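The values are calculated or read from the model by the stated rules, or taken from the named source; none is laboratory data. Fair warning: this is a prediction, and the values are worked out from it, not measured in the lab. Quick reminder, even Gly has a Cβ in these numbers, built from the backbone with ideal geometry, and neighbours come from all protein chains shown. Side chains included, ligands, DNA and RNA excluded: accessible areas come from the protein's heavy atoms. Shrake-Rupley method; radii C 1.70, N 1.55, O 1.52, S 1.80 Å.
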Amino acid sequence: MRLMSCFLLVTLGVVPALLAEDSLQVFERRILPILNSKNASSCSECHLSGVDLKDYIRPSQTETFAALRAGGMIDVDHPDKSKLLEFIARSPAQPGLIKPEVRQAELDAFRAWIRAAVSDPKLLAAKTQLTVGPEVPDEVIRHARQDRVLQSFVDNIWLEVGRCAGCHSSDQNAEQVKKHGEQMSWIKPGNPAATLAHLREYELLDVKQPEKSLLLAKPTLQVKHGGGQKMVLGDRSYQQFHAFVQDYAASVNGQYQSTKDLPQESPIVVAVTDSWLKITDIPHQFASLILRAEAYPARGNGWAETPLVIGDRAIAGDRHLWQQHMSLSVDRGSEVARKLASQPKNDRRIPSGKYLLKIWVATEKEFAANQVYEKGQVFETTVNAQWASGYGSMTVVPFPQKKR
Ligand code: HEC
Ligand code: HEC
């Protein structure tokens, strides 16, 4: 019956005039439900927090329209070119959490409403004191943007995740998976975005209790870990993992309100390599301590001011031994840093040559409290390092006698 009458109206050409809703109907039927919905809007696909489509809607149509217009979000002369529609239409190259239909529905609703609203003289004349849009400054919005967060994941975790890859990367861990199951493969080779998504989905990254995230708790043995101790509280890799997890949770939870809440970005980027340093003949009294090694390349007649090669790890107890795959430490934003990010661990090379090797030994507590440099004991020596790749061809140095 309805179909029939529709058909009749269409053939008579009267459908648009008769069926077109006025703007208030559209607002109530299609816009208000977005405001009242518990679900995330399409913005959340690129903005972890800081902005949401709901920020642009007020319970009253008149105020919403007047505020959007005053805020430059509605173009009354070219309604389809309104900035708000541009915001909604933005979609990521690889769709993630949000179904395309959700975005399309938002877009259709706002387009229909804006089109209807701009031809309503009462709305055009309306004024309001209210404002719409995000309540946090642009820096905060920027900080919580997915692409920025992913970059931070790459800098802080992805570049060091090679430490875990042997057991957790799906291209290297067939044996581990056979023994322990598919959940072992949380590293997706060559794909930091998919890795981050997995960590989030399987709650290895716990945004409610970031401190308890298994990503931190397992490798530090705060909870039992099949791979044993892979980091100590306070070592460099841990600090990076920890900083990211905290920052990620704060972004997801919308905890940043002003620019001064945002964490400082470290000026360096650290990337694990497949070059190992082995320190032998470690005195017995250091058996239970943590060791930090830093290698400074030769510069002019002396040594560079900052280390190029770094590594932290527990001393292997009574074996008088310390060995670790070392990381390159380079300036953030430099060409080298960009290159490292796209290279697998095995392709990252440390230049061979003469280095000043500084060694700190400190307790785990001193590491955790970030007091290695103040409280640790320091030793140094020089070394002609090959930095060859692979566990089988380590650079070997006896523990230096000389205390600095
Ligand atoms: C596909 C990813 C993506 C989606 C989806 C997205 N944005 Fe953005 N947004 C960005 C990027 C990238 C920037 C910064 C660069 C730019 O402004 O072009 C940005 C910047 C912003 C800004 C900062 C100020 C400005 O004028 O640029 C606001 C506000 C904003 N978006 C609001 C929204 C709202 C509201 C939604 C949902 C309706 C949304 N965005 C959806 C990617 C996205
Ligand atoms: C020598 C192998 C090995 C290495 C290297 C290793 N792990 Fe593991 N990991 C395991 C095993 C085995 C399990 C499964 C048993 C368990 O849950 O403890 C596991 C489980 C995990 C889990 C729980 C996964 C899940 O979904 O249940 C996390 C998180 C984890 N490891 C983090 C790390 C991090 C971070 C690193 C690197 C810093 C690392 N692991 C390095 C062997 C390893």
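Side notes on the structure shown:
- Hz values of 3J(HN,Hα) by residue in segment 148-159 - Karplus curve (6.51, -1.76, 1.60), Gly and Pro given as x: 5, 5, 5, 4, 5, 4, 4, 5, 8, 10, 4, 5
- Averaged over its residues, the chain has an accessible area of 54 Å² per residue, based on protein heavy atoms and a 1.4 Å probe.
- Contact order normalised by residue count of segment 16-135, Cα under 8 Å, 6+ apart, percent: 37
- Here the Kirkwood formula puts the hydrodynamic radius of segment 16-135 at 14.7 Å, using every distinct Cα pair.
- The GluC sites (Glu not before Pro) of segment 247-313 that meet both conditions, a loop assignment by DSSP and at most 10 other Cβ atoms within 10 Å of the site Cβ, are 305.
- Shape annotation for segment 196-297: C-alpha extents along the principal axes are 51, 35, 26 Å, from largest to smallest.
- Vicinal HN-Hα couplings computed from phi for segment 384-401 (Karplus, 6.51 cos²θ - 1.76 cosθ + 1.60; Hz; Gly/Pro x): 9, 9, 7, 6, 4, 8, x, 4, x, 10, 6, 7, 10, 9, x, 4, x, 6
- Under conditions of 37 °C and 0.692 mPa s, the chain yields 131 µm² s⁻¹ as its translational diffusion coefficient, taking Rh as the Kirkwood radius over Cα pairs in the Stokes-Einstein equation.
- Report summary: the helix-based calculation at 222 nm, which adds -39500 (n - 2.57) for every DSSP H run with n ≥ 4 and divides by the residues of the chain, gives -9500 deg cm²/dmol.
- Tail weight of P(r) past 13 Å, computed on alpha-carbon pairs of segment 289-343, percent: 68
- Counting only Cα atoms, the size of segment 268-398 along its three principal axes is 42, 32, 32 Å, in decreasing order.
- Cβ-based net charge around residue 110, under 12 Å, with every Lys or Arg adding one and every Asp or Glu removing one: +1
- The chain: most fluctuating residue of 87, 153, 65 per GNM, C-alpha cutoff 10 Å: 87
- Relative contact order (percent, whole number), the chain, Cα cutoff 8 Å, 6+ residue spacing: 13
- Number of Lys pairs (Cα under 26 Å; 8 or more positions apart or on different chains) in segment 268-398: 10
- Net charge in the neighbourhood of residue 35 (other residues with Cβ under 14 Å of its Cβ; Lys, Arg +1, Asp, Glu -1) is 0.
- Net +/- balance of residues flanking residue 221 in space, Cβ distance below 12 Å, scoring K and R +1, D and E -1: +2
- Centre separation in Å (Cα based) which lies between segment 209-229 and segment 291-329: 25
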